[in-house]
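A quick write-up on the structure given underneath.
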Amino acid sequence: MSKLRIAVLNAAHRDANTTRNFRRELDASIAEFDVTDGTVPDHFDFDGVVVTGSRSSVYWDEEWIETTKDWVSDAIDCGLPFLGVCWGHQLLADVLGGTVEEMGVYEVGYSDIEQTADSSLFDGVPEEFTAFTSHFDAVTELPPGATPIAENDYSNHGFRHEHVFGVQFHPEYDRKTARELVERKDLSEERLESILAEITPENYRAACPAKLVFDNFLEYVRDLETADAPAEASAEMETATASQLD
């Protein structure tokens, strides 16, 4: 079976951890695009798209963000399946007509999250699970027609809208990424030490089931490809038959 062709829209401002993490977690043929310098694909010839996290906010008035939103909107209209993580989750919600706002608090560290609806994205993930989080912004109003699939006391942590999925948490993070992110933040010494103390092998292992969202998304994309194949073959046969009759 050939590997899926996945476009990764990297909004992490050249953070090497992001490239490493997503290449590790996505068992696919990856084409990575640094959207922060305005680079987006010039076509839609992919099986699916993943949008990463970012230190930016989706509502900032920056040209690269608008360029990314425009391409994502067109790709969704073309029927491409999407998975957004953190900023990517917020961007997809915004593009689809939802609302993203600053929360007024900063959720960071290993958090407890609860599934709120059945979704293939969470196949194999416990109904209540642990994942690393880091966000000031949140999806405060879901897009019309979207289904919430995960949440905690801070915010929505997952939604689905047709072939589009978003998760607020960071299933891709390893301990190195978590530590370096926390150390960059402007936190009180007490909170910094408290969060760093949580980044243990035990907590990382407890959060690993959340990584299944990547495999589950790819399986969803494969299923779409399989479902589309008979329809395409039928259309080709009808075209060939029509040509023979002409």
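Nothing in this text is a laboratory measurement; each read-out follows from the coordinates by a stated rule. What you are looking at is a predicted structure, and each value in this text was computed from that prediction instead of being measured. Don't worry about glycine lacking a Cβ; one is built from the backbone with ideal geometry, like all the others, and counts go over all protein chains shown.
Structural remarks
- Taking a ≥ b ≥ c as the square roots of the Cα gyration tensor eigenvalues, region 1-82 comes out oblate, since a/c reaches at least 1.5 and a/b does not exceed b/c.
- For region 7-114, GluC sites (Glu not before Pro) are listed when DSSP marks them as loop and at most 16 other Cβ atoms sit within 10 Å of their Cβ; the list is 62.
- Spin-label model, residue 128 to residue 20: label points 7 Å out along the Cα-to-beta-carbon direction sit 3.4 nm apart.
- Region 99-179: C-alpha gyration tensor shape, a/c 1.5 cut-off, then a/b vs b/c: oblate
- Among beta bridges that DSSP assigns inside region 5-226, antiparallel share in %, nearest 5: 60
- The chain, dipole about Cα centre (Lys/Arg Cβ +1, Asp/Glu Cβ -1), debye to the nearest 20: 840
- In nm, spacing of pseudo-spin labels at residue 223 and residue 29 (7 Å Cα→C-beta vector): 2.4
- Ignoring lysines fewer than eight residues from residue 185 along the same chain, the ones with Cα atoms less than 18 angstrom from its Cα are 176.
- Label-to-label distance, residue 102 versus residue 120, with points set 7 angstrom from Cα along the beta-carbon direction: 4.0 nm.
- Database remark: amide H of residue 150 closer than 5 angstrom to the amide H of 116, 157, 158 (H placed geometrically; neighbours at sequence offset of 5 or more, or on other chains; Pro and chain starts carry no H).
- Whether region 1-48 is rounded, prolate or oblate, judged on the alpha carbon gyration tensor where a/c under 1.5 counts as rounded: oblate
- Listed residues 31, 227, 178, most fluctuating in the chain (Gaussian network, C-alpha, under 10 Å): 227
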